[in-house]
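This report concerns only the one structure given below.
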Amino acid sequence: MSKPTLYGPAYSTYARSARLAMEEKGVDYDLVEVDFLQGPMPAEQIERHPFAKVPAFEHDGFKLYEVSAIGRYIDEVFDGPSLQPEDVRERARMTQIISILDSYTYPCTIGQLVIQRLVMPMLGNQPNEAAISAALPEISKCMNVLTGLHADNAFLVGDQVTLADLHFVPIYDYFQNTPESDAILEQNPGLRAWWDGISKRESVQKTQPSFDQ
Ligand SMILES: N[C@@H](CCC(=O)N[C@@H](CS)C(=O)NCC(=O)O)C(=O)O
């Protein structure tokens, strides 16, 4: 089977989720860096992704965007350990968590807090403190909900790594680098325990984001 290609910067949370899936499956892939922080989204990427986002994925001429679809495709097409639970209810829970991450967690945690607190200063801009304060209650709610769904499991769903964990890793990793995360994570020790375990995986270490592009 030919090598898939992922178009997106290594610093992108969503690109990292797709890379994590390929690393966990042991899939060899090419990463084509697409930067959107130093300038507008490149025209070639908008051709791949009409909503002007990263990443986009291509395998044997099959083109796909939206990371929840990319993750499932990677899991189902390539050999390697399954990243989706067999059990119907656990699979539904995984899909629910991915949807919570996309719909509620990413917008406030990355779209507001991380962009303002970490990315804006890196680009030489002042963070918008009002936007950060406004995002904190929603971030807190998301983390509480994820703690509740995670319960006492080793992973977010059950005792095996799933696409839900791989969706959350990049968000959590940036979030924990903000000073605002301390108070919220103190209320959610289960998430810290989850991170202590998952952050030791080779896939997580190999995909550490870098801004030195
Ligand atoms: N629903 C998309 C979300 C992708 C997304 O939001 N990517 C971010 C980077 S992590 C992006 O492209 N941001 C650039 C922008 O919004 O201009 C997916 O699942 O792939």
What residues qualify as long-range amide H neighbours of Val27, i.e. H under 5 Å apart, gap of 5 or more or another chain, H built at 1.01 Å from N?
none
Among Phe155, Leu136, Thr207, which residue has its Cα positioned farthest towards the positive end of the charge dipole of the chain, with +1 placed on the Cβ of Lys and Arg, -1 on the Cβ of Asp and Glu, and the dipole taken about the Cα centre?
Leu136
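Using DSSP to define loop residues, name the chymotrypsin sites (Phe, Trp or Tyr not before Pro) in the range 1-69 whose beta-carbon has at most 14 other beta-carbon atoms within 10 Å. Kindly include the intermediate steps, with their values, before the conclusion.
Values: sites: Tyr7, Tyr11, Tyr14, Tyr29, Phe36, Phe51, Phe57, Phe62, Tyr65; in loops: Tyr11, Tyr29, Phe36, Phe51.
Answer by residue number: Phe51.
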Under-15-angstrom lysine pairs by C-alpha in the chain, whenever the two are 8 or more apart or on separate chains
4
Which of the GluC sites (Glu not before Pro) across the range 78-148 are loop residues per DSSP, with 13 or fewer other Cβ within 10 Å?
Glu86
Can you name the helices of the chain, as whole DSSP H runs, whose Cα span along the helix axis is 24 Å or more and whose Kyte-Doolittle mean is not below -1.0?
129-150
Whole-Å distance, taken between Cα centres, linking the range 152-213 and the range 23-68:
23 Å
Using the Cβ atoms and a cut-off under 14 Å, what net charge is assigned to the surroundings of His49, where Lys and Arg are +1 and Asp and Glu are -1?
-1
Treating only Lys and Arg (+1) and Asp and Glu (-1) as charged, each at its beta carbon, one finds that the chain has a dipole about its Cα centre, in Debye to the nearest 20, of 280 debye
Counting all C-alpha pairs of the range 6-129, share separated by more than 17 Å (%):
63 percent
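Let's test the formula: R0 of 25 Å, r as the Cβ-Cβ distance of Lys63 and Glu33. What FRET efficiency results, to the nearest 0.05? Could you put the intermediate results ahead of the total?
Values: r = 18 Å, r/R0 = 0.73.
So the FRET efficiency works out to roughly 0.85.
Bear in mind these aren't lab numbers, they're just calculated from the coordinates by the rules spelled out. Worth saying up front: this structure is predicted, and the values here are computed from it rather than measured. Ideal geometry is used to build each Cβ from the backbone, glycine not excepted, and the neighbour counts take in all protein chains shown.
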